[in-house]
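The values are calculated or read from the model by the stated rules, or taken from the named source; none is laboratory data. Being a predicted model, the structure only gives us computed values, none of them experimental. Every residue, glycine among them, receives a Cβ derived from its backbone with ideal geometry; neighbour counts consider all protein chains shown.
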């Protein structure tokens, strides 16, 4: 039920690009992306509400393919500050439930 | 400043001693959640609340209780803590479950011996 993210972990050099994928077995009505530094609270990056939507700010962007039940997060020209664990998440609003579920997570390390 | 506060930040307790972790938000959010985070298991929802007096189970509710008597507060209660509840806990709030971002508290690191 938990969205599966790939890769599980990635190591980059500063300036390199990365793509993190989030794939769900259930219909996605929205996708949220968060970044978490070790021992800290998750920090919101962006939300995609419609299939086909693409968003971005600074050098981080995301896309949402509603039909494929997938979302991807794109990090370009990575910086040291991008290091952390990235989670996708979504609300499950079927059958009278309003649970929120996070993906499996992707650990990203950017090296100087 | 918009924020979610949690207390305490760190807690070491013994098996069976009831404890409460408080959570408060100042954004008039309707949706509030508790999550636990364990190595290799990511963030898992314990309980959530859609509004005052409306609470429901998340994916890992066993051993926990919650209440929502006021919109701003959503305490997490462990009536009889056990070592397997040793974890990092986060409270979060948002306007709705799907269309808006969640704001997280700073976390409570709980150790049950």
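Residues are listed down the side, and each one gets a yes or a no for (1) farther than 15 Å from residue B:61 by Cα; (2) within 15 Å of the chain's Cα centre (by Cα); (3) surrounded by 18 or more Cβ atoms within 10 Å (Cβ to Cβ):
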| site | (1), (2), (3) |
| --- | --- |
| B:1 | yes, no, no |
| B:7 | yes, yes, no |
| B:13 | yes, no, no |
| B:22 | yes, yes, no |
| B:26 | yes, no, no |
| B:32 | no, yes, yes |
| B:35 | no, yes, yes |
| B:39 | yes, no, no |
| B:49 | no, yes, yes |
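For first residues located in the stretch A:39-56 and away from chain B (no Cβ under 13 Å) and more than 18 Å from residue A:68 (Cα to Cα), partners that are at pLDDT 90 or above and surrounded by 13 or more Cβ atoms within 10 Å (Cβ to Cβ) and lie 6+ apart or on another chain with Cβ distances below 8 Å form the pairs A:56/A:46; A:56/A:62; A:56/A:74. For the stretch B:62-99, a tally of residues being within 14 Å of chain A (Cβ to nearest Cβ), more than 14 Å from residue B:48 (Cβ to Cβ) and part of a loop (DSSP other than H, G, I, E, B) returns 1. Restricting to the stretch B:37-54, what's the tally of residues that are farther than 14 Å from residue A:36 by Cα, away from chain A (no Cβ under 11 Å) and in a strand (DSSP E or B)? Within the stretch B:37-54, residues that are farther than 14 Å from residue A:36 by Cα, away from chain A (no Cβ under 11 Å) and in a strand (DSSP E or B) number 0.
Taking first residues from the stretch B:15-28 that are over 10 Å from residue B:108 (Cβ atoms) and partners that are modelled with pLDDT under 95, the Cβ contacts under 6 Å between residues at least 6 apart in sequence or on separate chains come to B:27/B:2. Scoring residue B:33 on the criteria (1) part of a loop (DSSP other than H, G, I, E, B); (2) touching a residue at least 60 places away in the same chain (Cβ under 8 Å) leaves a single failure, condition (1). Note on the stretch B:79-105: residues that are surrounded by fewer than 21 Cβ atoms within 10 Å (Cβ to Cβ) and within 11 Å of the chain's Cα centre (by Cα) amount to 1.
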